[in-house]
Amino acid sequence: MTIIRKNTAAMICVAMMLGGCATTAGHHQTAPASIGDLTAKSRSMQAHRGFITFYWDEKQGKVWLEIDQFDQEFIYVNYLARGVGSNDLGLDRGQIGNTRIVKFQRVGPRVLLVQPNYEYRALTDNEAERRAIEESFASSALWAFTVAHEGGGKVLVDATAFLARDAHGLAHQLGRAKEGKYAVDAERSVFFAPRSRAFENNTEIEFAVTFTGEPDGQYLPQVTPTPQALTVHMHHSFVALPDDDFRPRAFDPRSGYFGISFGDYATPIDAPLIKRFIARHRLQKKDPSATVSDAVKPIVYYVDAGAPPLIREALIEGARWWAAAFEAIGYKDAFQVEVLPPGVDPLDVRYNVIQWVHRATRGWSYGASVIDPRTGEIIKGHVSLGSLRVRQDFLLAEGLLAPYTDSAGPPTAAQEMALARLRQLSAHEVGHTLGLDHNFAASVQDRASVMDYPHPLVTIGPDDRLDISEAYATGIGAWDRFAIEYGYQEFADGQREAAGLAGIVARSIKRGQLYMADPDARPAGAAHPLAHLWDNGTDAVAELQRLMRVRARVLARFSENNIPLGAPMATLEEVLVPMYLMHRYQAEATAKLLGGQFYTYALRGDGQAVTRTVSGTSQRAALTALLDTLAPGALLLPDGLAAMIPARPPGYFAWHNPELFARRTGPVFDTFSPAESAAAMIVGLILQPQRANRLVNFHALDPSQPGLDSVFKQLVAASWQQQRQSGAAGSIQEIVDHAVLDGIMRLASDPVAGERVREKAYASLDELSTFIDRHLARHGQSSAADHYRYGKLRIQRFILDPTRYPPPPPPTMPAGSPIGAGTMGGLFPQH
């Protein structure tokens, strides 16, 4: 197609679509009177009429937008419709990109797609005040289209380049992941008709976009047939804004919701400048006065028909748990879950969906939403569930039950445990799309919320058999019911709503319900002793001790019965990893007692206790429990277990497999690598820099609190100062010794650690050096003398020049969250 501009009149003519237009400086052919006449002349034009009408010119390979509304705001959302398939790259099928409010602005021969700045507003009827805000903060012109033709109050623009661009930032993400430099190849990026259509209130257009480049990393070659050419699908949704009948609901930090916030510069001086609203769906009763009423429009979720039948039923069942919470606040059939009807695009913004996403490796699932940035109204909930998650729980059950005996049938208990987790996962991610944040304190309140991360509850029965019948809870919890009441209870007016919401929160506080969100649970240096991921029980120390007993029982009975008949014996390692590290997350929970502090998201006057430091007694009990996991008996593999795991056979190579233990022994299974990983993990938890800072601070304020000095002393006493054992147990002791020494050295040189922490770390190294001197003076000819001399040398070198003789990095742990070890990493050769 040739576009010819006449400079004097700024006229633009599309030669092909006008059937042979010739334009010169002296004359031009008269344009058709309307766009309808224009498109009628091109037999290759296919019209899709709707919210934003578009035309597909098959002959020219172009998409044209027909724009008839200017300065009218709407929502623009982009998706990654077909993904890359690697959890490590985070570019999944159905992934939602940015949600923006935009509008078309006509300026001479161009149409700009402009994004107003909704971060800063003036909620007032005063036009001059609103204009002052608009002029004070920048907007964003996202694209400039050139008008190809106009008529009848409409313009036609070529949107092909806009739709075929890297709307999702894929090239940037690949570059950040050091996978190579990639760019869009326009010649290999084309319109995808099956997923492009226009409706009354939304227009959906999809392009297959090809990126070209040279791969530099390890992940793209694993999931792309030819990594020099990577083709994904970019989906674009243009959506009419909802009407003004939605009432935003005030955000409360105690409610368990996420939401939106913005600066309202029309706010009186004595009121907060920042306005905060929760994210929630629109839900209204047909009869607001009735105790129980149907909804004007129920919230309906659709499950991906591409999920296998057994999986699909579990997803539906778990998602439907939320119906009980809506029934409890007076709604009848207000929350529904169905299978996505044939022919419906899961990215159509009119449908809330639960999508089944495939990757080459295991990874997270997501609950995302398209949210109106003005009000917090959720327009579309979009759940993406990783298909390998169910296999992880099946693998955990294989490790726990060793079900493959000669007389055993299909492992139905393992399958049921995996499906039980899938139901919970479906409910969890749907909860996010209802507006709910994580609640990582729910596990200490009898599984009060599906918005926590659950560790499978495994008990030992009276017959010494492991019981997984209650591995995962069924149904939503008490916290979930409270949260839905706060977000979706209907009120007659704003005044009643404010009082009603205050009452809902007050009743929750009176019931003693706990809520802790991501920032207080995920960081390594998190301090709240009740905010954990993947834990169980009300007492972290008791649960760690109980779990270590379960772990010992599992490892003692670990055998070839943990893998199916016909599986390579080497794949026992995949099952062994999560069993050996069964305690990793409960250890994290226990470590938070050290230097820990209770606190709440209290508001002034709500009656909640604000802060309370964990008692010295509880902290010392936590340290003792953690040190017990470093004992040789806890770390040593049972006799004969390592001998059952041979070198990896062809097709199952261990190279670059994140699900396996690191090894220093080449192809041979490294018997002591698991102990290295576990010991480094525990020491790292105890000596985490922010935790160490708190230990110093809290002890200075309250001498009954354990100080960092005493922690160092107990660590050294539990390692270097232990009576030496022989054989494999002695090797485990040496591994623990070096893990402790490495941990103290890292803390001594960590910039996050304060000066008082580092001075105590150096003092501990000096004391350890003195102890080694005394030990060598008495036992200089013992079999462990070389070990002590080497420890002495390492201390001397580090103190002399920490930058030249730093401790080695801790061993790479097998992949952790989401819990379990995947099964795909060992199925394909890794090169």
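The values are calculated or read from the model by the stated rules, or taken from the named source; none is laboratory data. These figures come from a predicted structure and were not determined experimentally. Cβ: placed from backbone, ideal geometry, glycine included. Neighbour counts: every protein chain shown. The accessibility values were calculated without ligands, DNA or RNA, using every heavy atom of the protein model including side chains. Shrake-Rupley method; radii C 1.70, N 1.55, O 1.52, S 1.80 Å.
Quick notes on this structure:
Every residue, every condition in (1) under 20 Å from PHE54 (Cα atoms); (2) loosely packed, with under 15 Cβ neighbours inside 10 Å; (3) in contact with a helix residue (DSSP H, G or I) (Cβ under 6 Å, 6 or more places away or on another chain), yes or no:
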| site | (1), (2), (3) |
| --- | --- |
| THR124 | no, yes, no |
| ALA132 | no, yes, no |
| VAL184 | no, no, no |
| ARG197 | yes, no, no |
| GLU206 | yes, no, yes |
| GLY217 | no, no, no |
| LEU230 | no, no, no |
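- Candidate set from segment 101-122 (those that are among the charged types (D, E, K, R) and either over 30 Å from PRO272 (Cα atoms) or in contact (Cβ under 8 Å) with a residue 40 or more places away in the chain (or both)); member that is least open to solvent (accessible area, probe 1.4 Å): ARG121
- Flag not set for PHE70, criterion: in contact (Cβ under 8 Å) with a residue 24 or more places away in the chain and in a strand (DSSP E or B).
- Any chance GLY616 is in contact (Cβ under 8 Å) with a residue 40 or more places away in the chain and out of contact with any helix residue (DSSP H, G or I) (no Cβ under 7 Å at 6 or more places or on another chain): yes
- Enumeration of residues in segment 326-371 that are part of a strand (DSSP E or B) and among the aliphatic types (A, V, I, L, M): VAL337, VAL339, VAL353, ILE354, VAL357, ALA368, VAL370, ILE371
- Condition met for VAL752 (in contact (Cβ under 8 Å) with a residue 40 or more places away in the chain, open to solvent by less than 40 Å² (accessible area, probe 1.4 Å) and over 30 Å from GLN392 (Cα atoms)): no
- Selection of segment 552-561 for residues being part of a helix (DSSP H, G or I) and either in contact with a Pro (Cβ under 8 Å, 6 or more places away or on another chain) or without any contact (Cβ under 8 Å) to a residue 60 or more places away in the chain (or both) yields LEU555, ALA556, ASN561.
- Scanning segment 146-174 for residues that are outside any loop (DSSP other than H, G, I, E, B), touching a strand residue (DSSP E or B) at 6+ places or on another chain (Cβ under 8 Å), open to solvent by less than 40 Å² (accessible area, probe 1.4 Å) and not hydroxyl-bearing (Ser, Thr, Tyr) yields VAL147, ALA148, HIS149, VAL155, LEU156, VAL157, PHE162, LEU163, LEU170, ALA171, LEU174.
- Count of segment 260-274 residues which are in a strand (DSSP E or B) and open to solvent by less than 40 Å² (accessible area, probe 1.4 Å): 4
- Residue in segment 324-338 that is surrounded by fewer than 16 Cβ atoms within 10 Å (Cβ to Cβ) and at pLDDT below 95 present: no
- Which listed residue is modelled with pLDDT of 95 or more, open to solvent by 50 Å² or more (accessible area, probe 1.4 Å) and in a loop (DSSP other than H, G, I, E, B), from LEU603, LEU630, LEU637, LEU594: LEU603
- Residues that are assigned to a helix (DSSP H, G or I), in contact with a Ser or Thr (Cβ under 9 Å, 6 or more places away or on another chain) and open to solvent by less than 10 Å² (accessible area, probe 1.4 Å) within segment 430-455 comprise GLY431, THR433, ALA442, listed in sequence order.
- Helices (runs of 4 or more DSSP H) fully within segment 676-755 that include at least 1 residues being of a type outside the set (A, V, I, L, M, F, W, C), over 18 Å from MET813 (Cβ atoms) and touching a Leu at 6+ places or on another chain (Cβ under 7 Å): 689-701, 708-717.
- Verdict on GLY85 being touching a Phe, Trp or Tyr at 6+ places or on another chain (Cβ under 9 Å) and modelled with pLDDT under 90: no
- Any hit, segment 78-98, residues being of a type outside the set (D, E, K, R), under 24 Å from GLY263 (Cβ atoms), in contact (Cβ under 8 Å) with a residue 24 or more places away in the chain and open to solvent by less than 70 Å² (accessible area, probe 1.4 Å): no
- Residues in segment 134-145 that are among the aliphatic types (A, V, I, L, M) and in a strand (DSSP E or B): ALA141, LEU142, ALA144.
- Residues in segment 791-817 that are closer than 15 Å to ILE735 by Cβ and exposed (fewer than 14 other Cβ atoms within 10 Å of the Cβ): PRO808 alone.
- Subset of segment 530-548 [closer than 13 Å to VAL444 by Cα and in contact with a helix residue (DSSP H, G or I) (Cβ under 7 Å, 6 or more places away or on another chain)]: LEU530, ALA531, HIS532, LEU533, TRP534, ASP535, ASN536, GLY537, THR538, ALA540, VAL541, GLU543
- Subset of segment 409-423 (residues that are of a type outside the set (Lys, Arg) and open to solvent by 10 Å² or more (accessible area, probe 1.4 Å)): GLY409, PRO410, PRO411, THR412, ALA413, GLN415, GLU416, LEU419, ALA420
- Selected residue (criterion: surrounded by the fewest Cβ atoms within 10 Å (Cβ to Cβ)) from residues of segment 512-546 that are among the charged types (D, E, K, R), in a helix (DSSP H, G or I) and touching a residue at least 12 places away in the same chain (Cβ under 8 Å): ASP518
- When residues of segment 456-496 are limited to those that are part of a helix (DSSP H, G or I) and at pLDDT below 95, the one nearest to the chain's Cα centre (by Cα): GLY494
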